[in-house]
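The values are calculated or read from the model by the stated rules, or taken from the named source; none is laboratory data. Since we're looking at a predicted model, the values are computed, not measured. Positions of Cβ are backbone-derived with ideal geometry, glycine not excepted, and every protein chain shown enters the neighbour counts. Side chains are part of the model used for accessible areas, which takes the heavy atoms of the whole protein and leaves out ligands, DNA and RNA. Shrake-Rupley method; radii C 1.70, N 1.55, O 1.52, S 1.80 Å.
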Amino acid sequence: MKDLSARRLLLVHAHPDDESINNGATMALYAATGAQVTLVTCTLGEEGEVIPPGLAHLAPDREDRLGPHRRAELAAAMKELGVADHRLLGGAGRFRDSGMMGVEQNRRERAFWRTPVDEAAGYLVEIIRSVRPQVLVTYDPDGGYGHPDHIQTHRVAVRAADLAAERAYRRDLGDPHTIDKIYWNRVPRPVAEERFAALRGVPLPGPAGALGVGAIDDVPGVVDDARITTEIDGSAHAARKAAAMRAHATQITVDGDRFVLSNLLLQPLFTTEYYELAQGVSGAPAGERERDLFAGLAGAGSSPDGGPADGRTAPGTPGASGAVGAAV
């Protein structure tokens, strides 16, 4: 078996750009500190809307060439984040973007939403057994906000994690491997409320051509504060996250610490990123949040900020007070 990094993080997302919006700061932080960061994207986002008028011809109702273009955007974003290992589930074009819930695209051939979960999971099992991550990050069972591809990504990721650990399953895909910790992407409601309130004072039309301010319900994974188990302060990598989001130019327009999608409604750009530990054991003391996704894992080394490996923040480092959303 090839030599493996002491810290191995796998993120599974539905479309190009989801990773940069949800986890860009986390990915940049861990990549910069020597962890093996692997991104798996399940579709090419072929059904996305296109913001720049000059690229409107790529849209699915015209030339239907958005997928290959977004693949190139994804590669550019990963370069900004310092992530070298990014893969498309089953290879480029194996599964197609299903569109929003209830549309005709849900039923198309190759639509990710209609693909049997075990069929798609097999491709991810092979990656898991090769990379052997200790930590997996993906969406909650609702996909964060109900998009069919996000829901399917959750199902496939969780199923693949289970199958990868089964000794009797597909030994041709590699030796069994158990993932220690699985996290859902989250945003604490108080943090989202504070950031959106600040945006409401922006004159319109606003930055990035914004026509208004988005709603908190537009942000995937917003939950009550008590459900947050882990926060990663990626503020030192804010510029890298913003640059990665800009690389997804067909989908996102960034202006400072805010951005718009194709609906042209402002959203805050978070550089502290939040998670809920869904499987595994927290590495933080009771009543405290982890500050490291690898907290508590034997052999995973020190935390990204050089602090204790138990997930507590070392005195004098960002976030040492434990304040929620101190740098978002």
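On the basis of being open to solvent by less than 60 Å² (accessible area, probe 1.4 Å), of a type in the set (Asp, Glu) and under 17 Å from His150 (Cα atoms), does Asp97 make the cut?
Details: open to solvent by less than 60 Å² (accessible area, probe 1.4 Å): yes; of a type in the set (Asp, Glu): yes; under 17 Å from His150 (Cα atoms): yes.
When the stated conditions are applied, Asp97 passes them.
Under 7 Å between Cβ atoms, which residue pairs at least 6 apart in sequence (or on different chains) link something in the range 107-136 that is modelled with pLDDT under 95 with a partner that is part of a helix (DSSP H, G or I)?
Arg107/Arg114
Got a sec? Which of Arg189, Arg195 is closer than 23 Å to Gly143 by Cα, without any contact (Cβ under 8 Å) to a residue 60 or more places away in the chain and in contact with a strand residue (DSSP E or B) (Cβ under 6 Å, 6 or more places away or on another chain)?
Sole residue among the options that is closer than 23 Å to Gly143 by Cα, without any contact (Cβ under 8 Å) to a residue 60 or more places away in the chain and in contact with a strand residue (DSSP E or B) (Cβ under 6 Å, 6 or more places away or on another chain): Arg189.
Can you tell me how many residues in the range 111-126 are open to solvent by 20 Å² or more (accessible area, probe 1.4 Å) and not acidic (Asp, Glu)?
Residues in the range 111-126 being open to solvent by 20 Å² or more (accessible area, probe 1.4 Å) and not acidic (Asp, Glu): 5 in total.
Do we have Val260 as more than 19 Å from Ala32 (Cβ to Cβ), in contact with a Lys or Arg (Cβ under 6 Å, 6 or more places away or on another chain), modelled with pLDDT of 95 or more and not charged (D, E, K, R) here?
Working: more than 19 Å from Ala32 (Cβ to Cβ): yes; in contact with a Lys or Arg (Cβ under 6 Å, 6 or more places away or on another chain): no; modelled with pLDDT of 95 or more: yes; not charged (D, E, K, R): yes.
No.
Pairs please, first residue from the range 269-287 and more than 30 Å from Leu199 (Cα to Cα) and modelled with pLDDT of 95 or more, second anywhere and of a type in the set (Asp, Glu) and in a loop (DSSP other than H, G, I, E, B), Cβ atoms under 8 Å, 6+ apart in sequence or on different chains.
Taking only residues 6 or more apart or on different chains, the pairs are Ala278/Asp140; Gly280/Asp180; Gly283/Asp292; Gly283/Asp310; Ala284/Asp310; Pro285/Asp310.
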